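Reading through the structure tokens given below for one structure.
The values are calculated or read from the model by the stated rules, or taken from the named source; none is laboratory data. Keep in mind the model is a prediction, meaning the values are calculated, not measured. Methodologically, a virtual Cβ is constructed for each residue, glycine included, from the backbone with ideal geometry; neighbour enumeration extends over all protein chains shown.
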Amino acid sequence: MPEILRNHSLSKLNSFHFDVRTHKYCECKSVKDIQEIISRPEFRNEKTLILGEGSNILFSKDFGGLIIRPVILGREIIREDREYVWIRAGAGENWDEFVAWSTAWGFGGIENLSLIPGSVGSSPIQNIGAYGAEVQESIEEVSALDVLTGQKLTFLKEACRFAYRDSIFKQEWKNKCIITSATFRLSKKPELNLGYQMLAEKMSGRERQDVETIRQVIIEIRRSKLPDPEQFGNAGSFFKNPRIPEEQYQGILEKYPGLPSYPAAGRSRKIPSAWLIEQCGWKGKRRGDAGCYEKQALVLVNYGSATGKDILELATLIEKDVHGRFGIRLEKEVNVI
Ligand code: FAD
Ligand code: EPU
């Protein structure tokens, strides 16, 4: 039976490393454990939060309810044919360990997503993406439990409504289901995805052209750009990259000919928030221990004893400046609790 701990520290369970606590905390090792917890009356009466590894969460204060952490482990090949292998992984598996294991077997599809922090169970939630790939390309289905009924749910890929940093789990099913596992379809004859320019450049000098080498290069690139949360607390990109209409893009481009952008759906462009933030002079700036990272303006960092409030205040100033200068409203990627 899962144990409920009281007044539990979350400092190691949030990648900003804020010194916060939760009123109640419970780790669940199996689907049964979760069903048992959610059937208890206290689950109904209590504010609840599902927590993975806390790498996309900002706790603005102590959490006054019950945190449930699915730590369901296991990776299992459930099917294969000549081209593909289908692997089911438990929600509590560490994402990057899963990627390392898959690429070591030579299975392709998620190698560009190497070194992203967090758990397998969280990977579909914001459809994690990096270096030209998104996890939706490899997901076959997601298994979950309905928190109201305890019933098992299966979301086939189409039902997940994946989009850029978005899915049904951030919308209709937010806080209404607990993901217990995800099934991935990986390729036995992988085609390398070299769409990201820096990746293509670095791969061109490599003798081996395989998923393992992609993984190594991605790790190199990430280490050169992003702060290690163990050293400087952070949650990766703090904001999403905005999509703006073509007309608005042309207006900004006239004033700022260096404006980087990528084509997006319809007549719109995606603009890197990091560029907008850097143009506003925030890159490398600090307000006490809350700062905008010197090598990547989109990452807000806890340099020591910053609190969630300090980071949120900094984020608000950045949002105001970007809106004032470019007329673009930044949307937070990080989940604020
Ligand atoms: P958490 O932060 O614990 O939770 C995230 C959200 O999911 C919360 O709303 C939580 O309630 C919910 N949740 C968690 N588990 C479950 C579950 N089992 N069932 C239902 N709901 C659940 N993201 C990218 O997409 N691309 C990147 O390149 C990237 N780089 C990063 C780099 C750094 C240094 C850091 C710190 C973060 C980065 N991120 C990136 C963000 C983060 O790694 C991902 O969002 C990751 O999927 C979060 O996983 P987690 O287990 O830590 O989720
Ligand atoms: N740029 C700046 N200043 C900076 C950094 C970047 O102007 O300080 C500009 C440059 O023009 C650069 C462009 O922004 O070419 C894009 O930068 P980068 O390739 O580093 O990616 P990003 O748009 O900042 C996104 C994701 C990351 C993901 C990388 C790599 C979002 C919100 N972020 O960042 O995901 O790892 O691409 O593909 O989409 C995360 O979600 O937490 C995350 C880290």
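Structure notes:
- Candidates 249, 256, 262: the one that is buried (at least 18 other Cβ atoms within 10 Å of the Cβ) and free of Cβ contacts under 8 Å to residues at least 24 places away in the same chain is 249.
One line per residue, one yes/no per condition, for (1) surrounded by 14 or more Cβ atoms within 10 Å (Cβ to Cβ); (2) closer than 28 Å to residue 229 by Cα; (3) in contact with a Phe, Trp or Tyr (Cβ under 9 Å, 6 or more places away or on another chain):
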| position | (1), (2), (3) |
| --- | --- |
| 7 | no, yes, yes |
| 12 | no, yes, no |
| 23 | yes, yes, yes |
| 28 | yes, yes, no |
| 35 | yes, no, no |
| 39 | no, no, no |
| 56 | yes, yes, no |
| 69 | yes, yes, yes |
| 74 | no, yes, no |
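- Within the stretch 177-214, the set of residues being out of contact with any Phe, Trp or Tyr (no Cβ under 9 Å at 6 or more places or on another chain) and under 23 Å from residue 125 (Cβ atoms) comprises 178, 180, 181, 182.
- All positions within the stretch 213-241 that are among the hydrophobic types (A, V, I, L, M, F, W, C) and part of a strand (DSSP E or B): 235, 239
- Among the residues of the stretch 88-110, those that are surrounded by fewer than 23 Cβ atoms within 10 Å (Cβ to Cβ) and of a type in the set (A, V, I, L, M) comprise 100, 104.
- For the stretch 313-337, the set of residues classified as farther than 30 Å from residue 175 by Cα and in contact (Cβ under 8 Å) with a residue 40 or more places away in the chain consists of 321, 322, 325, 326, 327, listed by residue number.
- Residues located in the stretch 122-142, provided they are touching a strand residue (DSSP E or B) at 6+ places or on another chain (Cβ under 6 Å) and surrounded by fewer than 21 Cβ atoms within 10 Å (Cβ to Cβ): 140, 141
- The criterion of at least 3 residues that are more than 23 Å from residue 239 (Cβ to Cβ) and in contact with a helix residue (DSSP H, G or I) (Cβ under 9 Å, 6 or more places away or on another chain) is met by the following strands (runs of 3 or more DSSP E) wholly inside the stretch 94-212: 139-146, 177-187.
- Matching helices (runs of 4 or more DSSP H) fully within the stretch 242-337 where at least 2 residues are more than 12 Å from ligand 2 (Cβ to nearest atom): 246-255, 308-326
- Within the stretch 169-185, residues that are more than 23 Å from residue 109 (Cα to Cα) sit with their Cβ atoms under 9 Å from residues that are within 16 Å of ligand 2 (Cβ to nearest atom) and small (Gly, Ala, Ser), at 6+ positions apart or across chains, in these pairs: 173/167.
- Among the candidates 175, 241, residue that is touching a Pro at 6+ places or on another chain (Cβ under 7 Å) and not hydrophobic (A, V, I, L, M, F, W, C): 241
- Restricting attention to the stretch 213-245, the residues being surrounded by 14 or more Cβ atoms within 10 Å (Cβ to Cβ) and farther than 24 Å from residue 300 by Cα number 5.
- Of all positions in the stretch 69-80, at least one carries a residue that is of a type in the set (A, V, I, L, M, F, W, C), within 30 Å of residue 311 (Cα to Cα) and within 21 Å of the chain's Cα centre (by Cα).
- Per the conditions (1) at pLDDT 95 or above; (2) over 15 Å from residue 5 (Cα atoms), the sole criterion not satisfied by residue 26 is (2).
- Which numbered condition residue 187 misses (of (1) touching a strand residue (DSSP E or B) at 6+ places or on another chain (Cβ under 9 Å); (2) closer than 24 Å to residue 43 by Cβ; (3) surrounded by 14 or more Cβ atoms within 10 Å (Cβ to Cβ)): (2)
- For the stretch 75-96, the tally of residues that are more than 14 Å from ligand 1 (Cβ to nearest atom) and either out of contact with any strand residue (DSSP E or B) (no Cβ under 6 Å at 6 or more places or on another chain) or not basic (Lys, Arg) (or both) stands at 11.
- Filter result for residue 264 (modelled with pLDDT under 95, within 21 Å of the chain's Cα centre (by Cα) and not β-branched (Val, Ile, Thr)): yes
- Apart from one condition, residue 153 fits all of (1) away from ligand 1 (no atom under 12 Å from the Cβ); (2) farther than 21 Å from residue 94 by Cα; (3) modelled with pLDDT of 95 or more; the exception is (1).
- Test: residue in the stretch 150-162 that is without any contact (Cβ under 8 Å) to a residue 60 or more places away in the chain and among the aromatic types (Phe, Trp, Tyr): yes
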